[in-house]
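The structure appears right after this line, and notes come after that.
Bear in mind that the values in this text are calculations on the coordinates, not laboratory data. All figures in this text were calculated on a predicted structure; none of them were measured in a lab. Backbone-built Cβ (ideal geometry, glycine too); neighbour counts: all protein chains shown.
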Amino acid sequence: MPETTAPPRKFTLQEYKTDVHVDWCPGCGDFGILSSIQQAFVQLQIPPHRIAMISGIGCSGKTPHYLDTYGLHTLHGRALPVATGARLANHELTVVAVGGDGDGYGIGAGYFVNSGRRNVDMTYIVFNNGVYGLTKGQASPTLGKGLKTKSMPEASIQEGVNPVAVALGAGYSWIGRGYALDVKQLVSLIVQAISHKGTAFLDVFQTCPVYNDLRTKDWYAGEDIGRARLRRLEADPGWDPVVTDPNSIDEMIEKKTRALRASYETADGLAVGLFYKVDLPTYDDQLAAKVPALRQQPLVKLPLYNRNVEPLFDELG
Ligand code: SF4
């Protein structure tokens, strides 16, 4: 009799969901992002117990509550350092950090920059709606100059941050932008981001119908101008965001320059899709080269206690 092996068990969408009540406001773009993350996990078939979702503070900070994976709801702006620690402690985990634009580009701006150059193998998804939704809609770092949402007494007199431009300068090795209400494309981008080896950064335009009455579903659809404001980068003739030779500074500069230009809002609208990708050594791999035991098992499983530290004290003494 030929030997038969049972087909591998498939994880279902339901297995990534919790029964915690999702208490975002009706119509919030966060629903589209949550659904996209869950669908991406199904596509990738990552076992829920191998995933760590890490969030900061804000409406988006609740995301780990709604995913039946490991998760940590941390402090304001601190999702990235905690995610970095989680991944370095256990490189068998798929680590996904999530946060809002105020959380990540305001309070956590220093972490945002330094996570780009470090290139730990993890993903960072930002729910970008231009306001601090949880605290009643104050202008966030991405709200442009001259804009006034219904929650503001006066128009903003500061320029908005361009997160993709910052990410290019910071050194992120995978940079994308999606739209919360285009779940099909967003699932594809999240799958690509998680599959990338290195830190992947995904900025997501997210509608906050309660406090941001400017960047609405109708605005993105271009109801007032008769054509969609969002355009897909892959539809641009000759668009090629992938660096083929990571040792070529000329190719990296050329592709970053194109990505930078594409990241701004122009008469053609706002671009979504993959802006930039390069394969570079990860922090994880470089650490494992220095600490060979990490190639056998993650730090969390190494026998770190009861070590003889006498030789170290002798050396320092
Ligand atoms: Fe969503 Fe805005 Fe409500 Fe927060 S305040 S849950 S971002 S609609």
Checklist entry - Quick one: Karplus J couplings for the range 153-163, per residue in order, coefficients 6.51, -1.76, 1.60, θ = phi - 60°, nearest Hz, x for Gly and Pro? => result x, 9, 5, 5, 10, 10, 6, x, 6, 9, x
Item to check | Of Pro8, Leu189, Asn128, farthest towards positive along the dipole that unit charges on Lys, Arg, Asp, Glu beta carbons give the chain | outcome: Asn128
Checklist entry - For the range 256-317, which trypsin sites (Lys or Arg not before Pro) are both in a DSSP coil and crowded by at most 14 other Cβ atoms within 10 Å? => result Arg307
Item to check | the chain - share of DSSP beta bridges that are antiparallel (%, nearest 5) | outcome: 20 percent
Checklist entry - Straight-line reach from Lys184: which aspartates and glutamates have a Cα under 18 Å away, not including same-chain ones fewer than 8 places off? => result Asp30, Asp203, Glu234
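Please label the shape of the range 206-304 as rounded, prolate or oblate, based on the square roots a ≥ b ≥ c of the eigenvalues of the alpha-carbon gyration tensor (a/c under 1.5 means rounded; beyond that, a/b larger than b/c means prolate, else oblate). Don't jump to the answer; show the numbers that get you there.
Numbers: a/c = 4.39, a/b = 1.80, b/c = 2.44.
Oblate.
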Checklist entry - Taking Cα centroids, how far is the range 187-259 from the range 36-82 in Å? => result 21 Å
Next on the checklist: Apply the Karplus curve 6.51 cos²θ - 1.76 cosθ + 1.60, θ = phi - 60°, to the phi angles in the range 10-23 and return the couplings in whole Hz, x for Gly and Pro.
Outcome noted: 9, 7, 9, 4, 4, 6, 9, 9, 9, 9, 5, 5, 7, 10
Checklist outcome for this item: Under the rule rounded for a/c under 1.5, else prolate if a/b exceeds b/c, else oblate, using alpha carbon gyration tensor axes a ≥ b ≥ c, the range 165-207 is classed as oblate
Checklist outcome for this item: Given 249-255, 137-143, 184-190, 311-317, the highest-first ranking by average Cβ count within 10 Å works out to 137-143, 184-190, 249-255, 311-317
Checklist entry - What residues have an amide H closer than 5 Å to that of Val131, excluding those fewer than 5 places away on the same chain, when H is modeled at 1.01 Å from N in the peptide plane? => result Ser140
Checklist entry - By per-residue mean of other Cβ atoms within 10 Å, what is the highest-first order of 283-289, 159-165? => result 159-165, 283-289
Checklist entry - Going by a ≥ b ≥ c, the root eigenvalues of the Cα gyration tensor, does the range 21-157 fall in the rounded group (a/c under 1.5), the prolate group (a/b larger than b/c) or the oblate group? => result oblate
Item to check | Among Ala271, Ala228, Val204 the positive-end extreme of the charge dipole of the range 194-274 (Cβ point charges) | outcome: Val204
Checklist entry - What is the spin-label model distance, in nm, from Asp19 to Lys290 if the labels are put 7 Å beyond Cα along the C-beta direction? => result 4.7 nm
Next on the checklist: Which residue fluctuates most in the GNM of the chain (Cα springs below 10 Å): Leu304, Leu280, Leu230?
Outcome noted: Leu304
Item to check | Neighbourhood charge, 13 Å Cβ-Cβ cut-off, centred on Val242 and excluding it, Lys, Arg +1 and Asp, Glu -1 | outcome: -2
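Order the peptides 193-200, 23-30 from the highest to the lowest mean number of other Cβ atoms within 10 Å of their residues. Mind showing how you got there, number by number?
Values: 193-200: 22.6, 23-30: 17.1.
Result, highest mean first: 193-200, 23-30.
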Checklist entry - Taking θ as phi - 60°, what are the ³J(HN,Hα) couplings along the range 214-220 by the Karplus curve (6.51, -1.76, 1.60), each to the nearest whole Hz, with x for Gly and Pro? => result 9, 8, 9, 4, 5, 5, 4
Checklist entry - Is any residue of the range 216-247 close enough, with backbone N under 17 Å, to a label point placed 7 angstrom from the Cα of Asp268 along the Cα-Cβ axis, and if so, which? => result 227-242
Checklist entry - Along the three principal axes, how long is the range 169-262 when you take its alpha carbons, biggest first, rounded to the nearest angstrom? => result 46, 26, 23
Checklist outcome for this item: For the pair Lys136 and Ile225, the simple spin-label estimate (label points 7 Å beyond Cα toward Cβ) gives in nm 3.3 nm
Item to check | Cleavage-rule hits, trypsin sites (Lys or Arg not before Pro), the range 37-138, DSSP coil, Cβ neighbours within 10 Å at most 12 | outcome: Lys136
